[in-house]
Amino acid sequence: MKAALVHHLVRLLIVPVAAALALLLAGAPGAHAATDLSKVAGQLRESPVYVDPAASEQLSQADADALADKIKEADKPVFVAVLPSDQPTQGLLKNLRTETGITGLYGIRVGDRFNAAADRAVLSNQGVNNLVTAVRGETDARAQLNDFVDTALRSASGSAPSSWSEGDAGVPVTGLVTVGALLAAGGAGAYTLARRNRRRHEEERRAALEKLRVVVDEDITAYGEELDRLDFHPGEPGADDAMREDYEHALDAYEQAKSLMAAADRPEQVKGVTQALEDGRFAIAKLAARREGRPLPERRAPCFFDPRHGPSVADTEWTPAGGARREVPVCAADQARLADGRDPMIREVDTDGGRRPYWDAGPAYGPWAGGYFGGGILPGLLIGTMLGNMMATSAYAADYGAGYGDFGGYEGGDVSGADFDSGDFGGGDWGGGFGGGDFGGGF
């Protein structure tokens, strides 16, 4: 009886003690779950500075807003995140860059530790190292981050991502603060001009997309007609699994192209549409060869003169009017025309000056051509043309996307998604509490 009573009393004591310990642990510093990087990335796509609620004692909202305004006013792709001291740091910068998907310079403060990394197009590895070394000894978060940003804005290349300015039609609080500061400094005229230029820029991009819609709709229609002419039925006599797979691939490409074009709201997104059409046409070519008992075709670029002609069969020398001689991929029909001394059947599009070949019709056709021809061969095909000259400029990627081979890669502020050199965001012993391998042990 006495043993049972003691056991009962012990249980009565254990329950409240355990509950109290649980409450203490729940409220203890560092006991919260790690910050979700997708949430941080989502906020950084909208504004350059993110402060985790659990780290708000490091940087106040007013200081964070002032820092964000400074970065936006400079129009540079610089990102700052302030996270609690128990945030896991293994691969942190690399993972945040992947989640954010924007080419830029990223600085992160975790507790009292700091580190940064950048895409090489924005700042070299040595430049990042020098930046970090210069500010790492500072203990005050506000002073450290302002020093980091001040130096970064003088060093970083590229422009701020367009997503920071979306939604400017409203009047957010930070916008009012910025306007007030500009007015006080006598900069109202500069602010108005910047907004007007940005609005005109967006209008030009929308107009470019509408031009592309006409051309891409023609491409999609032509592709659908090609599928109809194929007149293949999966259950027809002689059809095998390989034929059915080619046909299914071709149908999927058709649906993907229509879906991507319907969802496109920026010119650079057209690249995915024409990639799908190019891939589907190769599936059609394979299916046709199987049905006719011919050898399967080699995977080649589409006909340069008009991708609707389908995969090319050879590379032929050709000289555009006023341009240099170069080799271009051609379909069988255009190969025969050139051999006979006739002009190829060139894809022309509407311009303000009338119908012109697509390579002389303006910058919007870069993504369209890039999807068909890929990054590797496109520069050689377009060298000396209006489109090729435009795509070679540093400003082109910010307006119409990048990744077109030797025309240049992603620049600061470009949306690259996970397409970036992860080596820029890992490796090397950066010293202090943030060094070692892939930011292991520190950052």
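Determine the shape class of the range 42-159: with a ≥ b ≥ c the square roots of the Cα gyration tensor eigenvalues, call it rounded for a/c under 1.5, and otherwise prolate if a/b is greater than b/c, oblate otherwise. Don't jump to the answer; show the numbers that get you there.
Working: a/c = 1.25, a/b = 1.20, b/c = 1.04.
Rounded shape, in that the Cα axes give a/c under 1.5.
Does the range 44-102 come out rounded, prolate or oblate, given a ≥ b ≥ c as the square roots of the eigenvalues of its C-alpha gyration tensor, rounded meaning a/c under 1.5 and, failing that, prolate meaning a/b above b/c?
Judged from the Cα gyration tensor, the range 44-102 comes out oblate (a/c at least 1.5, b/c at or above a/b).
For the range 285-403, what is the charge dipole size about the Cα centre, in debye to the nearest 20, if Lys and Arg each add +1 at the Cβ and Asp and Glu each add -1 at the Cβ? Show your work: numbers first, answer last.
On the way: 14 positive and 14 negative charges, 105 e Å.
Here the range 285-403 has a charge dipole of around 500 debye.
Highest mean first, what order results for 249-262, 90-103 on Cβ atoms within 10 Å? Can you show the working numbers first?
Values: 249-262: 17.4, 90-103: 21.5.
Ranked by mean Cβ neighbours within 10 Å, highest first: 90-103, 249-262.
Using 7 Å Cα-to-Cβ label points, what is the Arg299/Leu230 separation (nm, one decimal)?
It works out to 1.7 nm between the two label points.
Along Cα→Cβ, 7 Å out, is where each label goes; now give me the distance between the ones at Thr151 and Thr316 in nm to one decimal.
5.9
Going by the alpha-carbon gyration tensor, a ≥ b ≥ c the square roots of its eigenvalues, is the range 267-388 rounded (a/c under 1.5) or, if a/c is not under 1.5, prolate (a/b greater than b/c) versus oblate? Walk me through the numbers on the way to the answer.
Details: a/c = 1.96, a/b = 1.32, b/c = 1.49.
Oblate, because a/c is 1.5 or more while a/b does not exceed b/c.
Under a plain spin-label model, where a point goes 7 Å from the Cα along Cα-to-Cβ, how far apart in nm are Glu348 and Asp140?
Reported label-point gap for Glu348 and Asp140 is 6.9 nm.
Of Val110, Ser85, Gln126, which is farthest towards the positive pole of the range 58-131's charge dipole, taken about the Cα centre with +1 and -1 on the beta-carbons of Lys, Arg and Asp, Glu respectively?
The residue sitting farthest along the positive end of the dipole is Gln126.
Using the Cα centre of the range 270-338 as origin and beta-carbon charges of +1 (Lys, Arg) and -1 (Asp, Glu), tell me which of Val273, Cys331, Ala283 is placed farthest towards the positive end of the dipole.
Going by the charge dipole, the pick is Ala283.
Just reorder Val313, Val216 by solvent-accessible area, largest first, 1.4 Å probe, all chains present. Intermediate values should be presented prior to the final figure.
On the way: Val313 85, Val216 0 Å².
These residues rank, largest area first, as Val313, Val216.
First measure r as the distance between the Cβ atoms of Arg337 and Ser422, then evaluate 1/(1 + (r/R0)^6) with R0 = 56 Å and state the FRET efficiency to the nearest 0.05.
On the way: r = 47 Å, r/R0 = 0.84.
Approximately 0.75, to the nearest 0.05.
Could you state how much accessible area Asp340 has, in square angstrom rounded to the nearest 10, with a 1.4 Å probe and all protein chains kept in place?
We get 110 Å² for Asp340.
Go through 126-139, 65-78 and give me the packing order, highest mean Cβ count within 10 Å leading.
Numbers: 126-139: 15.8, 65-78: 20.6.
Result, highest mean Cβ count within 10 Å first: 65-78, 126-139.
Within straight cross-link reach of Lys258, meaning Cα distance under 18 Å, which lysines are found once same-chain residues fewer than 8 apart are removed?
Lys211, Lys271
Mind ordering 323-334, 356-367 by average Cβ neighbours within 10 Å, highest first? Don't skip to the answer; put the middle values down first.
Working: 323-334: 17.8, 356-367: 22.4.
Going by the mean number of other Cβ atoms within 10 Å, highest first, we get 356-367, 323-334.
The values are calculated or read from the model by the stated rules, or taken from the named source; none is laboratory data. Because the structure is predicted, anything quoted here is derived from the model rather than measured. Note that we place each Cβ from the backbone using ideal geometry, even for glycine, and neighbour counts take in every protein chain shown. Ligands, DNA and RNA are excluded from the accessible area calculation, which covers all protein heavy atoms including side chains. Shrake-Rupley method; radii C 1.70, N 1.55, O 1.52, S 1.80 Å.
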